[in-house]
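Participant: The structure's right below; bear with me while I get my questions together.
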Amino acid sequence: MLRIVAALIIALSWIPAAGAVSETSAGTVAVGSPEGQAREVVEKTISEVLGVLRNPELSHEQRLSAIETIVIGHFDLYTMSRYVLARNWKRFSKEQQDEYVSSFRQYLSNNYGGRISRYDQFGVDVTGSRSESNGHVTVRTVVVGGEFAGAELDYRLQPKEGTWKVIDVKIEGISMVSNFRDQFKEVIGSGGPELLLQKLQEKNAAPASFDD
């Protein structure tokens, strides 16, 4: 079950669902406010991905490459990767940290980026947002259409370099970062950073679910 949930989390966050974006939340968010800026990033990401998926002139490989570029622009993958390791981050040398971040990003892309054709029937409605005490903003959305219609996705963003970056996604209350943290913590506990890096290398050489 956890593997299915992890796949769904990544599929709907690493490749945001395609569809129209509409504002359905009660109240008004001031333009230029932290919440307004964060919501704009989420909406822009979904709209950009939608444009790629609807372009009939692009091959599957071109779509995947274009979407990866979009995600890299709007997701703080370094921070996300670090949050996954939590306290174990300090157990990695600088070289191991760099290798881990690169391998983790490749792992996400290899395993879930290729599923874009399965999600072109989805839409996403932005349903609200809230400011967090740590300066982060959570943008709430819901999937419209397809087999996961009604699924709630919360995008957590933090300010960085004059913009807002996604650092985690929750689907139905389950955090992508926490889900991977549990898996990676077990691997590190049994074999240290070296075993996690080895497993990521193996998965990237033959993409499959991490807990296969």
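The values are calculated or read from the model by the stated rules, or taken from the named source; none is laboratory data. Note that the coordinates shown come from a computational prediction; the quantities given were computed from them, not determined experimentally. A quick note on method: Cβ atoms are made from the backbone with ideal geometry, for glycine too, and the neighbour counts reach across all protein chains shown. Only protein heavy atoms, including side chains, enter the accessible area calculation; ligands, DNA and RNA are left aside. Shrake-Rupley method; radii C 1.70, N 1.55, O 1.52, S 1.80 Å.
Participant: Within the stretch 76-88, count every residue that is open to solvent by less than 20 Å² (accessible area, probe 1.4 Å) and either in contact with a Ser or Thr (Cβ under 9 Å, 6 or more places away or on another chain) or within 14 Å of residue 179 (Cβ to Cβ) (or both).
Facilitator: Matching residues across the stretch 76-88 total 4.
Condition check ((1) in a helix (DSSP H, G or I); (2) within 17 Å of residue 81 (Cβ to Cβ); (3) in contact with a Leu (Cβ under 8 Å, 6 or more places away or on another chain)) across all residues:
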| position | (1), (2), (3) |
| --- | --- |
| 154 | no, no, no |
| 158 | no, yes, no |
| 167 | no, yes, yes |
| 181 | yes, yes, yes |
| 189 | yes, no, no |
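Participant: If you don't mind, another one. Does any residue in the stretch 136-154 that is open to solvent by less than 40 Å² (accessible area, probe 1.4 Å) come within less than 9 Å, Cβ to Cβ, of a residue that is in a strand (DSSP E or B) and among the aromatic types (Phe, Trp, Tyr) six or more places away or on a different chain, and which pairs are these?
Facilitator: Once the first residue is open to solvent by less than 40 Å² (accessible area, probe 1.4 Å) and sits in the stretch 136-154, its partners that are in a strand (DSSP E or B) and among the aromatic types (Phe, Trp, Tyr) give 137/155; 137/164; 138/155; 139/155; 141/155.
Participant: Still on this structure, please answer the following. Taking helices (runs of 4 or more DSSP H) that fall entirely within the stretch 1-78, which contain at least 1 residues that are modelled with pLDDT of 75 or more?
Facilitator: 34-53, 60-74
Participant: Same structure again: Condition first: free of Cβ contacts under 8 Å to residues at least 40 places away in the same chain, among the basic types (Lys, Arg) and closer than 30 Å to residue 206 by Cβ. Can you find one or more residues in the stretch 53-67 that meet it?
Facilitator: Looking for residues that are free of Cβ contacts under 8 Å to residues at least 40 places away in the same chain, among the basic types (Lys, Arg) and closer than 30 Å to residue 206 by Cβ, one finds none in the stretch 53-67, hence no.
Participant: Moving on. Please work out which residue is nearest to the chain's Cα centre (by Cα), limiting yourself to the stretch 140-199 and to residues that are charged (D, E, K, R) and under 15 Å from residue 108 (Cβ atoms). It would help to see each step written out before you state the result.
Facilitator: Our first condition is that a residue be charged (D, E, K, R); within the stretch 140-199, this holds for 140, 147, 152, 154, 156, 160-161, 165, 168, 170, 172, 181-182, 185-186, 194, 199.
Those still in the list that are under 15 Å from residue 108 (Cβ atoms) too: 168, 181, 199.
On the way: 168: 6, 181: 14, 199: 21 Å.
Restricting to residues being charged (D, E, K, R) and under 15 Å from residue 108 (Cβ atoms), the top hit is 168.
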